[in-house]
Amino acid sequence: MFRWKLLLMFFAIVLLQVLILNNVYLGGYINPQVYVLFVLILPFGTRGWHLLLLAFFLGMLIDVFEDSIAIHTASTVMLAFARPFVLRLLTGKQPDDAGDVPSFRTLGTMTLLVYSLILILIHHLVLFFMEMFHFRDFTETIVRVVLSGGLTLLFVIIGFVLFNSPTAKR
Amino acid sequence: MRNLFRFIRRYHFFFFFLVLQVVALFLTLSSQHFQQAYLFHSSNTLSGYVYRTYHSVSNYMYLRDVNEQLLEDNRRLMERNRENFLITDQQVFQHEDSVYQRRYTYLNAGVINKSVNRRNNYMTLNKGRRHGIEPDMGVITGNGVAGIIMYVSDNFSSVMSLLHSDMLVSVKIGKNNHIGTLQWEGGDYRRTVMSYIPPHVDLSEGDSIFTSGHSRVFPENVFVGTIEDWEVRRGENFFTATVKMAIDHNKLSLVYVVKNLMREEHEELESAVPGDIQF
């Protein structure tokens, strides 16, 4: 049951990203990457290589749609790699129920915010610097990371609020 | 040997991460030199069909703009109509003769996907190889340059937009025919930059910029935009002008693909000339 929901969410979030959010134009600097929510919201007990493989295919699908060559793949895999370390850093230990997903209930508001913020920053740094491909426009790229990251965080938090209720009752 | 396996098993998360990351980096790096990363372009079948389905719904919202654009194109064409001109010399008037040989033909196509908010932007067109589109053809609209075809599949094609860091277009200033190079520097998608204008050239705000016709891709005198501002950048001996583009890349819906019928002849001749020629 839960697997089907994840699969549905996988494709829904790709379509949301490529059909709607990529057409949002905000001053030439801001492009929210909301699809990272999918990796953030996977259950605590997800095996390492499942995590990496899902992230790989998610990034690859986004790349196919955006004509960008493997930069989303690389940044999303990096995000998936960092996730267990950030979780361990913030919670100290693995939560008791491995089937639980990160949410306001399981992590608490503050921890969830910091968790999302750190991982989004890692993802956006890799993404935007790979897009520039060299450090020529360093400050401009940092501005893009911060602005886009902020908006992504906002959308991700909204996503957590929306997904909170059904998983809590599961 | 056994220890090695145990080591890999213990750190399999890290090793798997390394493998995936190397695959991604390899794809990124190789794409800089080879055009075979076909899977990652929106001319490929999967994303082409998704975008086309989406476009078939969303393009209703652009109908008003498209109609206005078509009216404007029609008006411009009507202006060129032979009936608009009075024949003053009754002795010789031939409209089509062997003196004029056709050099460019045009195909119309629809834009089914585009972006303006990245550093390197692309578009996808709803026509491809089957309709006669080939890589390196120019893409223009009724009032400006839009990009160059990069990849084609049977039914779709990917366009490198004018808003791409690798896209250089040879342009000229309309009033005095001085040549410069057009290249987008990121940020605002409505403005681009024309560089290498000699410093003795007299510029003024609102000067029109056209394609120079030096490339094999675009015909001469396709409108690009107007000059807004100019400066001499530090360490340079040339004017660099900010150009306001005539087309709104965010609203592009219908485009024309330019086919240069004399392209091969042109290429063959120039390849015979020694030394680097830049386009």
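The values are calculated or read from the model by the stated rules, or taken from the named source; none is laboratory data. Fair warning: this is a prediction, and the values are worked out from it, not measured in the lab. Neighbour counts are summed over all protein chains in view; Cβ atoms, including those assigned to glycine, are modelled from backbone coordinates with ideal geometry. Remember, those area values only see protein heavy atoms, side chains included, never the ligands or the DNA or RNA. Shrake-Rupley method; radii C 1.70, N 1.55, O 1.52, S 1.80 Å.
Worth a mention:
- Here the stretch B:133-279 is treated as a sphere whose radius is the Kirkwood value from Cα pairs; by Stokes-Einstein at 25 °C and 0.890 mPa s it diffuses with a coefficient of 153 µm²/s.
- Compactness of chain B, expressed as Rg and Dmax over alpha-carbon positions, Å: 23.3, 98
- Additional length obtainable on full extension of the chain from B:Tyr106 to B:Leu168, 0.36 nm per residue less Cα span: 20.2 nm
- Helix axis angle, A:48-66 relative to chain A longest principal axis, alpha carbon, degrees: 40
- A:Thr111 contributes an accessible area of around 40 Å² to the protein surface, as traced by a 1.4 Å probe with all chains present.
- Rounded to the nearest 500, the helix-only mean residue ellipticity at 222 nm of the protein assembly as shown stands at -14000 deg cm²/dmol, with each DSSP H run of n ≥ 4 adding -39,500 (n - 2.57).
- Counted charge near B:His12, where neighbours are those whose Cβ lies closer than 15 Å (Asp, Glu -1; Lys, Arg +1): +4
- For the residue pairs A:Lys5/B:Lys251; B:Lys114/B:Lys244; A:Lys5/B:Lys127; B:Lys114/B:Lys175, the C-alpha atoms sit more than 29 angstrom apart in A:Lys5/B:Lys251; A:Lys5/B:Lys127; B:Lys114/B:Lys175.
- Rounded to 10°, Cα long-axis angle of helix B:263-272 versus longest principal axis of chain B: 80
- Computed over every Cα-Cα pair of the protein assembly as shown and binned at 20 Å starting from 0, the pair-distance distribution P(r) comes out as 21, 49, 24, 6, 1 percent.
- Cα gyration tensor, the stretch B:200-279 - rounded (a/c under 1.5), prolate or oblate: oblate
- Interface size A-B, as summed buried accessible area [1.4 Å probe, Å², nearest 100]: 3600
- If you take the alpha carbon atoms of the stretch A:24-87 and fit the smallest convex hull around them, that volume is 92 Å³ per residue.
- Cα long-axis angle, helix B:45-58 against chain B (0 to 90 degrees, to the nearest 10): 50
- Cα-based shape type of the stretch A:33-165, given that a ≥ b ≥ c are square roots of the gyration tensor eigenvalues and the cut on a/c is 1.5: prolate
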